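What follows is a short report on a single structure.
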Amino acid sequence: MQATTNGHSSHADHDAHASADGHGHSSHVTEFDVRILRQDGPGNSSYWERHRIKREADMNVISVLQRVAAQAKTVEGQRVAPVAWDCNCLEEVCGACTMLVNGRVRQACTALVDRLLEDSPEGIELRPMEKFPVVRDLVVNRRRLFRALEKVRAWIPVDGYYDAGPGPRVSPEQQQQAYPLSECMSCGCCLDACPQFNKLELERNEGETDEQFHKREHETYDTHFVGAHAISQVMLFNNHPTGALNAGERLDLLTAPGGIQDCGNAQNCVNVCPKKIPLTTSIGRAGRATTLRSIAKWFGG
Amino acid sequence: MAKQRVMIVGGGLAGLSAAMQLAEAGISVDLMSLTPVKRSHSVCAQGGINSVNSVTRQQGDNEYLHFDDTVYGGDFLQHQPPVKEMTEWGPRIIDLMDRLGVPFNRTPEGFRDQRRFGGTLFKRTAFAGATTGQQLLYALDEQVRRWEVEGKIKKYEFWDFLGPVLDQNGTCRGCIGQDLVTMEIRSFPADAVVIASGGCGLIYGRSTMSMVCTGSAASRAFRAGAKYGNGEFIQVHPTAIPGADKLRLMSESARGEGGRVWVPRKPQDTRDPKQIPEAERYYFLEERYPKYGNLVPRDIATREIFNVCTYEGLSVEQDRLAVYLDVTHIPRAVLDQKLGGILDIYEKFQGVDPRETPMKIFPAVHYSMGGLWVDYERTAEGGLRLGSPRNQVTNIPGLYAIGECDYQYHGANRLGANSLLSCIFSGLITAPGLANWIKSVPGGAAADQPSSLFDSARRQHQQAHDALLKRSGGGENPYLIHQELGNVMTKAATVVRRNDVLQEAYGTVCELAERAKRCSLSDTGNWTNQNVVFTKSLLDMFPLAKVIVKGALQRDECRGAHFKPDFAMPGLVATDPAAHRREAEAWCDRFEENTRKWLKSTVATHVEDGDPVLVYEDVDTTLIPPRPRLYGLVGAEVIEEVWNQRQVAKAAAGHDGNGAVGKGAVKATAAG
């Protein structure tokens with residue numbers, strides 16, 4: 001590669017994204033504190049740490065954590081390891097960045113700093129979700145949430161993937177009922193807010209293989225409350241014309257130990273769902289469907 | 001013979017569809033992903049998935065026209081057989097996804113509804129609200145979970161692909177991965193490894209891509225000897241919401257459903273946009289491209305928005321660049337039903353309801369057309385030979401690439417709603433080829449290879465990891481170097497490219513690469529150490545950044561997303577008809593000359609600590625001969641006339657025995 005021979009181009013000043021950087025910096029250059037509950041690993045005790053962040057326009061909690069990682073220094077000037085957190089899409093559609101922001105379970109990406117500081121000018125507080133084992137800092141283990149989808153067989157059991165023509169006709173009304181349920185991003189907010197969903201933390205036994213450990217994990221998960229997200233997925237698949245062919249099986253799984261009967265109808269789930277999924281409507285429908293099924297079974301149906 | 005397995009790296013649409021089909025074929029699959037697969041970047045795709053359908057067919061559409069739109073949109077820079085095959089599979093793929101339960105929007109009669117997207121004149125796009133990617137990904141995720149329960153697929157989520165394991169003959173025998181929680185490094189023997197790791201937008205710092213889209217897996221394959229194709233072709237999406245942490249996509253479907261792009265005619269008009277009368281608004285896409293209007297292909301929309309803000313000074317704001325994307329004239333109920341998902345994103349992140357106030361948007365890096373070079377086997381008819389192990393294989397036997405991280409389907413520019421199709425298609429088509437490959441891997445199954453092969457590869461990665469943790473001094477901060485890299489890449493290699501800027505950027509990228517080697521870690525532990533994982537992925541960005549910048553520097557032309565004003569071919573200026581005609585002839589001469597010189601794929605090979613070596617490979621254009629893309633050019637009609645006459649003359653002179661040239665000429669009249 002040859003060395004640069006030409007000078008700067010005036011054009012270079014007009015880069016495609018200079019825009020976002022230059023926006024609104026001058027209006028209020030100030031700082032704020034973020035308090036983070038840290039934990040170095042499973043079984044370790046947790047501790048609070050305070051970081052001071054320069055306030056910029058259009059910040060969200062993710063950009064705050066990015067600044068924390070880049071400076072890796074507490075308010076007292078102590079050098080620390082960057083805070084670990086989970087995130088991916090930053091558009092509130094992947095479900096990764098769930099945590100407690102100022103005490104409320106939500107996605108960190110849509111937690112806008114300006115709004116948070118309006119409500120609590122003293123700063124922002126970040127904690128990991130409460131119902132899942134902490135892996136490190138704000139990262140939690142949500143395998144249980146996905147296991148629930150296996151347990152209730154949350155899928156359409158098609159015959160195969162060869163060409164078999166289009167799917168069944170679906171009315172717009174049916175589609176509009178299914179669509180919101182299908183937006184569930186397995187973020188876990190509904191579970192964290194649920195009084196019936198208790199934290200389960202399993203430790204690996206000496207000499208236990210991956211397979212043995214995961215099997216034991218599944219067995220434990222399966223006997224505890226499955227959660228609103230999974231009940232809602234049962235309704236999604238039971239209402240699909242093809243999925244309905246296995247509706248009974250899903251309902252049976254939903255009344256097994258840890259099933260819908262454990263729901264205490266606290267309605268916290270629907271209040272915290274970032275996608276506004278009508279979880280309590282699903283639970284109500286599922287309740288009626290399981291009742292009807294058990295009555296039908298009594299009468300030998 | 002030992003039980004054979006395939007390792008798939010990445011669980012987006014491509015990786016999951018490959019996994020699902022391999023499982024159906026009875027092959028055991030391991031699936032490694034940085035993130036739970038349900039959180040893969042495919043989830044972000046909004047607008048829809050393209051294919052010919054029963055409605056468009058009755059309007060004169062067919063697979064050939066979808067194929068033609070794709071290669072014309074991509075400025076002819078893709079080998080045509082894979083694209084032809086993809087468009088032919090399109091209708092069946094939509095049907096399959098429909099059967100898997102994707103809640104596609106419906107017509108009152110219960111059929112799938114369709115919308116229009118950029119670069120096409122038909123309503124060819126099936127969609128599920130404005131979260132089509134999410135819905136497609138979930139359907140595949142569910143099928144893979146089903147196979148997981150059956151024991152056919154084993155997922156390794158929160159695992160990082162560190163590199164392939166090659167035997168002494170250069171055949172891929174598996175890979176090395178790292179558990180992101182325990183930081184354990186482990187070898188995975190596999191009879192084939194499929195990279196399905198997505199795009200590399202994070203090389204640009206901020207983009208519309210997810211945080212896992214660092215390009216690291218592709219780069220690690222590249223560093224291990226896999227070739228990289230068309231790296232310089234990066235799509236900048238015309239409409240995104242600028243943000244401090246990332247740039248959020250505002251789907252083309254907003255325009256597909258009737259959204260209009262405009263700026264006030266008076267620069268930085270301070271009035272409320274709704275109070276600005278029609279006559280004082282400049283609908284620049286509609287005025288300049290009456291046929292396609294707001295739905296011109298992405299490269300053109302991007303450049304026009306960029307130009308209107310920078311060169312014409314008509315940005316709607318004083319201190320940052322943005323234009324209005326206006327959907328306020330569309331009834332609220334329609335917006336909620338068809339665009340609810342994306343409008344909510346705008347409202348959530350900007351705090352403004354786009355149903356009431358025009359959105360402010362600007363272009364952002366969005367899609368990597370380039371990627372790992374892959375092969376294919378064509379049939380005499382110009383499609384793909386199904387079941388050929390050559391389909392989607394890199395130049396390393398046994399190492400495959402699919403989805404956004406391959407270079408195969410989009411050429412110089414990607415048509416909207418074709419990415420979901422290409423990802424699912426490349427996943428599906430790879431499975432039968434892999435089934436045949438693993439039946440006859442030279443030298444037997446991976447599980448039967450000497451363990452020393454895997455041990456030594458594992459040890460090398462372990463040593464590199466330990467060295468990075470132990471490195472003291474240096475003092476460079478990986479996060480800040482990443483920001484600097486992003487700035488230089490965004491400035492030099494996005495919408496407009498100039499050789500002086502690229503030349504300087506190459507130097508800066510090389511300097512940053514050296515500085516990145518002196519990064520000090522702020523976390524030296526061995527438990528969920530995101531600091532070391534990020535630093536490794538940063539180091540892996542440089543080989544690809546060099547390929548992108550060097551490729552752009554060397555390619556002295558304008559093609560698709562790659563626009564160099566110094567080599568643009570402007571419209572005609574003469575007013576006298578004879579002179580006009582002569583200009584058109586000269587224009588066509590220049591176009592033909594440029595095609596001869598530059599209608600070639602860039603193929604890059606890695607050189608450790610050196611400049612990547614670039615060679616140029618001819619493109620298979622035997623099915624649709626290249627023709628000029630004339631959207632909005634002054635004098636386009638005359639150029640087209642001259643061009644068509646030349647093609648007819650060539651065909652008559654017997655330049656092309658199969659009549660493909662003549663067919664192309666007729667097509668040019670229809671679609672130009």
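Take the alpha carbon atoms of the stretch B:156-305, find their radius of gyration, then divide it by 2.2 N^0.38 Å using N residues; give the quotient.
Its radius of gyration relative to the 2.2 N^0.38 Å reference: 1.53.
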How high is the relative contact order of chain A, in percent, counting Cα pairs under 8 Å that sit 6 or more residues apart?
-> 15 percent
Overall dimensions of the stretch B:324-446 as given by Cα atoms, namely Rg and Dmax in Å | 21.2, 65
Mind giving me the FRET efficiency for B:T107 and A:W48? R0 is 35 Å, r the Cβ-Cβ distance, nearest 0.05 is fine.
-> 0.05
With the 8 Å Cα cutoff and a minimum separation of six or more residues, the stretch B:496-634 has a relative contact order in percent of 22 percent
Rg ratio (alpha-carbon, reference 2.2 N^0.38 Å) - the stretch B:516-568 | 1.77
What value, in deg cm²/dmol to 500, does the helix sum -39500 (n - 2.57) over DSSP H runs of n ≥ 4 give at 222 nm once divided by the residues of the protein assembly as shown?
-> -12000 deg cm²/dmol
Rounded to the angstrom and largest first, Cα extents along the principal axes for the stretch B:498-542 equal 45, 15, 11
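For B:A25 and B:A467 in one chain, what is 0.36 nm times their gap in residues minus the Cα-Cα distance, to one decimal in nm?
154.9 nm
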Per residue of B:107-113, other chain Cβ atoms within 10 Å number on average 4
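What's the local net charge at B:V638, with K and R +1, D and E -1, over the other residues with C-beta under 11 Å away?
-3
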For chain B, calculate the relative contact order in percent as a whole number, restricting contacts to Cα pairs under 8 Å that are 6 or more residues apart.
-> 19 percent
Count charges around A:L292 for me, please; just the other residues with Cβ under 13 Å from its Cβ, Lys/Arg as +1, Asp/Glu as -1.
-> +3
nm² value of the averaged projected area, convex hull over the Cα atoms of the protein assembly as shown = 40.2 nm²
At a probe radius of 1.4 Å, figure out the B/A buried accessible area, summed over both chains, and give it in Å² to the nearest 100.
-> 8000 Å²
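Averaged over all directions, how much area does the convex hull of the C-alpha atoms of the stretch B:213-283 cover when projected, in nm²? Each step should come with its number before you reach the end.
Values: hull surface 31.6 nm².
About 7.9 nm², averaged over all directions.
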Local charge sum around B:G47 (other residues, Cβ-Cβ under 11 Å, Lys/Arg +1, Asp/Glu -1)?
-> +2
Taking Rh as the Kirkwood radius, which is the inverse of the mean 1/r over Cα pairs, what is the Rg/Rh value for the stretch B:125-189?
-> 1.14
For the stretch A:200-252, what log10 I(q)/I(0) values come out of the Debye formula at q = 0.13, 0.22, 0.31, 0.32 1/Å, with one point per alpha carbon and no solvent?
-> -0.49, -0.82, -1.13, -1.16
Histogram of C-alpha separations across the stretch A:91-153, 10 Å bin width, % | 20, 44, 27, 7, 2
Those chymotrypsin sites (Phe, Trp or Tyr not before Pro) in the stretch A:161-201 that DSSP places in a loop and that have at most 11 other beta carbons within 10 Å = A:Y162
Send over a whole-number figure in Å² for the accessible area per residue of the stretch A:183-287, probe 1.4 Å.
-> 43 Å²
What is the diffusion coefficient of the stretch A:72-209 in µm²/s, taking the Kirkwood radius over Cα pairs and the Stokes-Einstein relation at 25 °C with a viscosity of 0.890 mPa s?
-> 133 µm²/s
Sticking to Cα atoms, compute the Rg of the stretch B:203-247 to one decimal and its Dmax as the biggest Cα-Cα distance, whole number, in Å.
-> 12.9, 37
Span per principal axis, largest first, for the Cα atoms of the stretch A:126-196 (Å) | 49, 28, 21
Along each principal axis, Cα extent of the stretch A:75-116, largest first, Å | 35, 22, 16
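Across peptide A:147-159, what mean number of C-beta atoms from other chains lies inside 10 Å of a residue's C-beta? Don't skip to the answer; put the middle values down first.
Values: counts 1, 0, 4, 4, 1, 0, 4, 5, 12, 8, 3, 7, 1.
Mean partner-chain Cβ count within 10 Å for A:147-159: 4.
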What does the convex hull of the Cα atoms of chain B come to per residue, in Å³, rounded to a whole number?
-> 157 Å³
Mind checking the per residue accessible area of the stretch B:312-441 for me, 1.4 Å probe, whole number of Å²?
-> 27 Å²
Report, to the nearest whole %, how much of the accessible area of chain B belongs to carbon and sulfur atoms, 1.4 Å probe, protein only.
-> 52 percent
Residue-normalised accessible area of the stretch B:539-662, given per residue in Å² at a 1.4 Å probe | 43 Å²
Name the shape class, rounded, prolate or oblate, that the alpha-carbon gyration tensor gives for the stretch B:375-523, where a ≥ b ≥ c are the square roots of its eigenvalues, rounded holds for a/c under 1.5, and otherwise prolate holds if a/b is larger than b/c and oblate otherwise.
-> oblate
Spin-label point model (7 Å from Cα, Cβ direction): what's the B:D375 to B:E637 distance in nm?
-> 5.0 nm
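Within chain A, which DSSP H helices have Cα atoms that stretch 20 Å or more along the helix axis and a mean Kyte-Doolittle hydropathy of at least -0.5? Walk me through the intermediate numbers first.
Working: long enough: A:279-298 (28 Å, -0.08).
Both cut-offs are met by A:279-298.
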In µm²/s, what is D for chain A at 4 °C and 1.567 mPa s, where D = kT/(6 pi eta Rh) by Stokes-Einstein and Rh is the Kirkwood radius from Cα pairs?
-> 58 µm²/s
Neighbouring partner chain Cβ atoms per residue of B:565-575, average, 10 Å criterion | 0
Output the direction-averaged projected area (hull surface divided by four) of the convex hull of the alpha-carbon atoms of the stretch B:274-372, in nm².
-> 8.6 nm²
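Carbon-plus-sulfur fraction of the accessible area of the stretch A:234-301, 1.4 Å probe, in percent?
Solvent-exposed carbon and sulfur of the stretch A:234-301 make up 58 percent of the total.
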FRET efficiency, 1/(1 + (r/R0)^6) with R0 30 Å, evaluated for B:Y283 and A:E173 via beta carbons | 0.25
If you look at just the Cα atoms of the stretch B:404-467, how large are its Rg and its Dmax in Å?
-> 18.3, 47
Could you estimate the translational diffusion coefficient of the stretch B:439-497 from the Stokes-Einstein equation, with Rh from the Kirkwood formula over C-alpha pairs, at 25 °C and 0.890 mPa s, in whole µm²/s?
-> 153 µm²/s
Which number do you get for Rg(Cα) / (2.2 N^0.38 Å) in the stretch A:29-152?
-> 1.07
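What helices does chain B hold that run 27 Å or longer along their axis, going by alpha-carbon atoms, with a Kyte-Doolittle average of 1.0 or more, using DSSP H for the helix calls?
Sorted by number, the helices that extend far enough and score high enough are B:419-439.
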Can you tell me the FRET efficiency between B:V573 and B:R57 if r is taken as the Cβ-Cβ distance and R0 is 45 Å, rounded to the nearest 0.05?
-> 0.60
Partners for B:K227 among lysines (Cα-Cα distance below 18 Å; same-chain residues under 8 apart left out) = B:K546, B:K550, B:K600
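The values are calculated or read from the model by the stated rules, or taken from the named source; none is laboratory data. None of these values were measured; they are calculated from a predicted model. Quick reminder, even Gly has a Cβ in these numbers, built from the backbone with ideal geometry, and neighbours come from all protein chains shown. When the accessible area is computed, the model is the full protein with side chains, heavy atoms only, and any ligands, DNA or RNA have been set aside. Shrake-Rupley method; radii C 1.70, N 1.55, O 1.52, S 1.80 Å.
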